[in-house]
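Remarks on the structure that follows.
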Amino acid sequence: MSKPCDGPKTEWPELVGRTIEEAREKIKADRPDLTVNPVPVGDAVPLDFNEKRVWLWVDTVAEVPRIG
C-alpha cells in the first residue's frame with residue numbers, strides 16, 4: 001500500500017522501469033520533504049529507519065562503459 005489512510009505517499013510502484021532522474025523528480029514532486037538516495041541493487045544500506053529517506057534501487061547500466 002503506498003498511501004496509508006489518506007496520509008502522505010510512501011511508495012512509488014509506478015516508477016519501476018523509469019530512469020533515476022525521472023524517479024527522483026517524481027518523488028520530490030510528491031514529497032519535497034524527502035531525501036532520495038540511488039543505491040545499486042545488492043549494496044548494503046544502513047538498517048535504521050528514516051522517515052525522510054527513500055532508497056531508489058537501481059540495477060541497469062545506462063551508458064556503454066568505456067575506458068577514459
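For the stretch 46-68, enumerate the residues that are within 13 Å of the chain's Cα centre (by Cα) and surrounded by 10 or more Cβ atoms within 10 Å (Cβ to Cβ). Residues satisfying the conditions are Arg53, Val54, Trp55, Leu56, Trp57, Val58. A search for C-beta distances below 8 Å between a residue of the stretch 18-46 that is of a type in the set (Gly, Ala, Ser) and any residue that is in a helix (DSSP H, G or I), counting only pairs 6+ apart in sequence or on different chains, returns Ala23/Leu15.
Residues that are surrounded by 10 or more Cβ atoms within 10 Å (Cβ to Cβ) and in a loop (DSSP other than H, G, I, E, B) were ranked within the stretch 3-24; the one that is modelled with the lowest pLDDT is Lys3. The numbered conditions (1) out of contact with any helix residue (DSSP H, G or I) (no Cβ under 6 Å at 6 or more places or on another chain); (2) not in a loop (DSSP other than H, G, I, E, B) are all true for Asp43 except (2).
The values are calculated or read from the model by the stated rules, or taken from the named source; none is laboratory data. From a predicted model like this one, the values you see are computed outputs, not experimental measurements. Virtual Cβ from ideal backbone geometry, glycine too; neighbours counted across all protein chains shown.
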